[in-house]
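Asker: Here it is, the structure, as structure tokens.
The values are calculated or read from the model by the stated rules, or taken from the named source; none is laboratory data. Source: prediction; values computed, not measured. Because the Cβ atoms are built from the backbone with ideal geometry, glycine has one as well, and the counts that use them run over all protein chains shown.
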Amino acid sequence: MKKISLIFPILLILVFIFVMNMAFFIRPFIKSVPAEINKIESNIVNKNWNQAETELNDLKEDVNNKFKWMQFSIERDEMDQMLLDLTTLSGNIKIKDTSNAINSLYEIKYNWDNLGK
Amino acid sequence: MFESLVVFVRGIIAFGTLLIFARLLGKQQISQLNFFDYILGITIGSIASSLTIDLTSSAWPHWIGLLTWTIAVLLLQIITVKWRRASKYFDGEPTIVIMNGKIMENTSKKMRYRTDDLMEQLRQKNVFDITQVQFAILEKDGELSVIKKPEFENVTKKDLNIQTGITGIATELIYDGIIIDANLKQTNHDHTWLFNELKKLNIQSLSEVFFMSLNPDGTIYTDLYRDHIENLTDITDSLKQS
């Protein structure tokens, strides 16, 4: 009984720490988002706008799915900024603006790398 | 972002953490609540509240803040328990405000303790005449301890040479219809004895008993779910309809 009363709070604290740092812990294992960003980049550079748009939609869906898990450990502003950048990128791809699209993409890349840090 | 869900999860984290940390800090926080402890409590509570609802920053820094304050309080507790001097420095000391029936004006002034406060606290101790007081000590938590002059002290049973019964703590045997086996064992009794006692009280089933305890003098206190009280006294202010 004494052991349980000691182990239970320690376990609970460990779970809390994991939930509060979930973004930090799981981000290195998420390979899909950086891979999608790289694909979009090469498509923009090669002017494959249709392909870039399809990849961007996949990226949006993927990021939204990941945010469902990461939202407990990251700032609301960080998430908002990333979603805003994705929207800006979407507009840039639509008007086929290479330089601004690359700018937005690098912002997304930076935000993703610093999520939950 | 599902804001409500995030607030809910962060609320659970803050609640659980506070519960664990409060247990870690122990009873000292409540029993000796001086001004500093009071501020500590408010600060820790405020950090926990930010952890729950401040979504503009992540939960982790707030949690670290909570941990830091808890560790600081814990360290302070350990230091004050280990070193008497540190305890006096951090917690202060009790101060005599009435000595041999005389008010210590200078000491009171130093502590910014008014005579009105003294009189009020004396009244709270059922002392309405200051001439009855031999000593009054202002404790660290602001409570006043009073020693009356011998001629004004209450007469005790010992003074009157009256024999007293056995005093001690009652042991709970049944709570909510369930036998507390550990307590039964502690009192060197078993289920057979307990059921015999219940039979003597005309109780057929355990489920009828809400509470049962064994008193130090060997008597048994029993409270049943059905109290069989005919006319309940109503102390509420509800208006009777005419």
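Asker: For segment A:1-101, give me every one of the helices (runs of 4 or more DSSP H) that falls completely inside it and has 1 or more residues that are at pLDDT 90 or above.
Answerer: Working: elements: A:2-20, A:22-26, A:32-45, A:49-70, A:76-94.
Output list reads A:2-20, A:32-45, A:49-70, A:76-94.
Asker: A further question follows. Report, by residue number, each residue of segment B:164-201 that is at positive phi and in contact with a helix residue (DSSP H, G or I) (Cβ under 9 Å, 6 or more places away or on another chain).
Answerer: Listed by number, the list holds a single entry, B:177.
Asker: So, in segment B:204-228, exactly how many residues are outside any strand (DSSP E or B) and either touching a residue at least 24 places away in the same chain (Cβ under 8 Å) or touching a helix residue (DSSP H, G or I) at 6+ places or on another chain (Cβ under 9 Å) (or both)?
Answerer: Quick first cut of segment B:204-228, residues outside any strand (DSSP E or B) only: B:204-208, B:215-219, B:225-228.
Right, trim to either touching a residue at least 24 places away in the same chain (Cβ under 8 Å) or touching a helix residue (DSSP H, G or I) at 6+ places or on another chain (Cβ under 9 Å) (or both) and you get B:204-208, B:215-217, B:225-226.
Going through segment B:204-228 one residue at a time, the tally reaches 10.
Asker: Test of understanding: among A:31, A:68, A:3, which residue is among the basic types (Lys, Arg), under 30 Å from residue B:66 (Cα atoms) and under 11 Å from the mean Cα position of the chain (by Cα)?
Answerer: A:68
Asker: While we're looking at this one, here's another question. Among the listed residues B:236, B:164, identify the single one that is at pLDDT below 85, out of contact with any Asp or Glu (no Cβ under 9 Å at 6 or more places or on another chain) and under 30 Å from residue B:132 (Cβ atoms).
Answerer: B:164
Asker: Among the candidates B:74, B:55, which residue alone is away from chain A (no Cβ under 14 Å) and free of Cβ contacts under 8 Å to residues at least 60 places away in the same chain?
Answerer: That would be B:74, the only listed residue that is away from chain A (no Cβ under 14 Å) and free of Cβ contacts under 8 Å to residues at least 60 places away in the same chain.
Asker: Here's something else I'd like to know. Regarding residue B:113, is this residue buried (at least 16 other Cβ atoms within 10 Å of the Cβ) and over 26 Å from residue B:154 (Cβ atoms)?
Answerer: yes
Asker: Among the residues in segment B:164-175, are any of a type in the set (Val, Ile, Thr), surrounded by 13 or more Cβ atoms within 10 Å (Cβ to Cβ) and under 27 Å from the mean Cα position of the chain (by Cα)?
Answerer: Checking segment B:164-175: at least one residue is of a type in the set (Val, Ile, Thr), surrounded by 13 or more Cβ atoms within 10 Å (Cβ to Cβ) and under 27 Å from the mean Cα position of the chain (by Cα).
Asker: Ok, one more. Counting just the residues of segment A:5-30 that are surrounded by fewer than 15 Cβ atoms within 10 Å (Cβ to Cβ) and away from chain B (no Cβ under 12 Å), which one comes out nearest to residue B:14 (Cα to Cα)?
Answerer: A:7
Asker: Kindly check whether there is at least one residue in segment B:133-154 that is assigned to a loop (DSSP other than H, G, I, E, B) and in contact with a Pro (Cβ under 7 Å, 6 or more places away or on another chain). First the steps, then the outcome.
Answerer: Applying the first criterion (assigned to a loop (DSSP other than H, G, I, E, B)) to segment B:133-154 yields B:139-143, B:149, B:153-154.
Those left that are additionally in contact with a Pro (Cβ under 7 Å, 6 or more places away or on another chain): B:139-140.
So far as segment B:133-154 goes, yes, one or more of its residues are assigned to a loop (DSSP other than H, G, I, E, B) and in contact with a Pro (Cβ under 7 Å, 6 or more places away or on another chain).
Asker: Taking the residues in segment B:13-27 that are more than 14 Å from residue B:64 (Cα to Cα) and in contact (Cβ under 8 Å) with a residue 40 or more places away in the chain as candidates, determine which candidate is nearest to the chain's Cα centre (by Cα).
Answerer: So, considering only residues that are more than 14 Å from residue B:64 (Cα to Cα) and in contact (Cβ under 8 Å) with a residue 40 or more places away in the chain, the one nearest to the chain's Cα centre (by Cα) is B:26.
Asker: Regarding residue B:202, is this residue surrounded by 10 or more Cβ atoms within 10 Å (Cβ to Cβ) and out of contact with any Pro (no Cβ under 6 Å at 6 or more places or on another chain)? Can you show your working first?
Answerer: Numbers: surrounded by 10 or more Cβ atoms within 10 Å (Cβ to Cβ): no; out of contact with any Pro (no Cβ under 6 Å at 6 or more places or on another chain): yes.
Spelling it out, it is not the case that residue B:202 is surrounded by 10 or more Cβ atoms within 10 Å (Cβ to Cβ) and out of contact with any Pro (no Cβ under 6 Å at 6 or more places or on another chain).
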